[in-house]
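Asks: Encoded as structure tokens, here's the structure I'll be asking about.
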Amino acid sequence: MKMRLAVIVFLAGMYALAAGGQNAVLEKVKWQQGPSIGNLAKTAQVKIPGGYIFAGADDTRLLMEAMQNPTSGREQGFVAPAGFDWYVVFEFDDIGYIKDDEKGSLDADAMLKSIQTGTEAGNEERKKRGWPTMTILGWEQPPRYNETTHNLEWAIRGESEGKPVVNYNTRLLGREGVMRVTLVTEPSAFTPTLPKFKDVLA
């Protein structure tokens, strides 16, 4: 699949939001409560279930900065349960139509190396900002093409300052580009959180 990977792994970040002064960031965000429909810029929409909250593109970038995650400029939206136990970031890469004709030849080793390289580049930005860096530990789930949803999926385990994190990535292949959807959660919560995430994504 000829597409660019989202190579910067997100920190869990919720502890950063809870730090001194960051509550002011949460108050600035124009939160949209579920049940409702969230607009992912002009690209798509997502159904926000009851008990969940949504933020648009600009507020997503504000949240990422507060969580000490570098932004890409491609952020489209943010979804989380009201308790902030985990969160989801939507990004859109307008690279045109992506064929899935290479779905049977995914190179997990090459993908992992690309993610590690990209994360190191992201770490340079984190160092400049005085933020904690991220280390990629390996696959939580290796890449696979989901024949049912026609999406590319994988999960990476990382660590920052001794705190582990899992990023579960889904790539939605569209006519005009790729929607990058990243679930960010703690490893211990990954298994029970995944079905909830897939309900939101559906």
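Asks: Working only within the stretch 36-55, note down all residues that are under 28 Å from residue 176 (Cβ atoms) and open to solvent by 20 Å² or more (accessible area, probe 1.4 Å).
Replies: Within the stretch 36-55, 36, 37, 39, 41, 42, 43, 44, 45, 47, 49, 52 qualify.
Asks: Okay, moving on. Just for the stretch 179-195: of the residues that are in a helix (DSSP H, G or I) and among the hydrophobic types (A, V, I, L, M, F, W, C), which one is farthest from the chain's Cα centre (by Cα)?
Replies: It comes out as 189.
Asks: Another question, then. Please determine whether any residue of the stretch 64-71 is assigned to a helix (DSSP H, G or I), in contact with an Asp or Glu (Cβ under 9 Å, 6 or more places away or on another chain), modelled with pLDDT of 90 or more and surrounded by 14 or more Cβ atoms within 10 Å (Cβ to Cβ). Show your work before the answer.
Replies: Filtering the stretch 64-71 down to residues assigned to a helix (DSSP H, G or I) leaves 64-66.
Add one more test, that the residue is in contact with an Asp or Glu (Cβ under 9 Å, 6 or more places away or on another chain), and what stays is 64.
Applying the additional criterion that residues be modelled with pLDDT of 90 or more yields 64.
Still in the list and also surrounded by 14 or more Cβ atoms within 10 Å (Cβ to Cβ): 64.
Yes, some residue in the stretch 64-71 is assigned to a helix (DSSP H, G or I), in contact with an Asp or Glu (Cβ under 9 Å, 6 or more places away or on another chain), modelled with pLDDT of 90 or more and surrounded by 14 or more Cβ atoms within 10 Å (Cβ to Cβ).
Asks: Return the residues of the stretch 67-89 that are over 15 Å from residue 167 (Cα atoms) and of a type in the set (A, V, I, L, M, F, W, C); say none if nothing qualifies.
Replies: 82, 84
Asks: Okay, moving on. Among the residues of the stretch 161-184, count how many are over 19 Å from residue 95 (Cα atoms) and surrounded by 20 or more Cβ atoms within 10 Å (Cβ to Cβ). So that I can check it myself, show each step before the final result.
Replies: The initial filter retains those residues of the stretch 161-184 that are over 19 Å from residue 95 (Cα atoms), namely 161-168, 183-184.
Checking which are surrounded by 20 or more Cβ atoms within 10 Å (Cβ to Cβ) leaves us with 165-168, 183-184.
Looking only at that region, the number is 6.
Asks: Another question, if that's okay. Mind checking which residues of the stretch 154-173 are over 11 Å from residue 11 (Cα atoms) and either touching a strand residue (DSSP E or B) at 6+ places or on another chain (Cβ under 8 Å) or part of a strand (DSSP E or B) (or both)?
Replies: As a first pass, look at the stretch 154-173 and keep what is over 11 Å from residue 11 (Cα atoms): 154-156, 162, 168-173.
Of everything in the stretch 154-173, those that are over 11 Å from residue 11 (Cα atoms) and either touching a strand residue (DSSP E or B) at 6+ places or on another chain (Cβ under 8 Å) or part of a strand (DSSP E or B) (or both) turn out to be 154, 155, 156, 168, 169, 170, 171, 172, 173.
Asks: In the stretch 73-83, what residues are open to solvent by less than 50 Å² (accessible area, probe 1.4 Å) and either under 23 Å from residue 126 (Cα atoms) or touching a Cys at 6+ places or on another chain (Cβ under 6 Å) (or both)? Walk me through how you get there before you give the answer.
Replies: Looking only at the stretch 73-83, we keep the residues that are open to solvent by less than 50 Å² (accessible area, probe 1.4 Å), and these are 75-81.
Of everything in the stretch 73-83, those that are open to solvent by less than 50 Å² (accessible area, probe 1.4 Å) and either under 23 Å from residue 126 (Cα atoms) or touching a Cys at 6+ places or on another chain (Cβ under 6 Å) (or both) turn out to be 75, 76, 77, 78.
Asks: List the number of the failed condition for residue 97; all other conditions in (1) at pLDDT below 90; (2) touching a helix residue (DSSP H, G or I) at 6+ places or on another chain (Cβ under 7 Å) hold.
Replies: All conditions are met except number (2).
Asks: Shifting gears a bit: Being closer than 11 Å to residue 115 by Cα and surrounded by 12 or more Cβ atoms within 10 Å (Cβ to Cβ) is the filter here; which residues of the stretch 138-154 pass it? Quick ask: steps written out before the conclusion?
Replies: Pass one, the stretch 138-154, residues closer than 11 Å to residue 115 by Cα: 138-139.
Correct list: 139 only.
Asks: Sticking with this structure for a sec: Determine if the stretch 120-135 includes at least one residue that is over 28 Å from residue 48 (Cβ atoms), in contact with a helix residue (DSSP H, G or I) (Cβ under 8 Å, 6 or more places away or on another chain) and aliphatic (A, V, I, L, M).
Replies: Checked against the condition, which is being over 28 Å from residue 48 (Cβ atoms), in contact with a helix residue (DSSP H, G or I) (Cβ under 8 Å, 6 or more places away or on another chain) and aliphatic (A, V, I, L, M), the stretch 120-135 yields at least one hit.
The values are calculated or read from the model by the stated rules, or taken from the named source; none is laboratory data. As the structure is a prediction and not an experimental result, all values here were calculated from the model. Because the Cβ atoms are built from the backbone with ideal geometry, glycine has one as well, and the counts that use them run over all protein chains shown. Please note that ligands, DNA and RNA were not included when accessible areas were found on the heavy atoms of the full protein model with its side chains. Shrake-Rupley method; radii C 1.70, N 1.55, O 1.52, S 1.80 Å.
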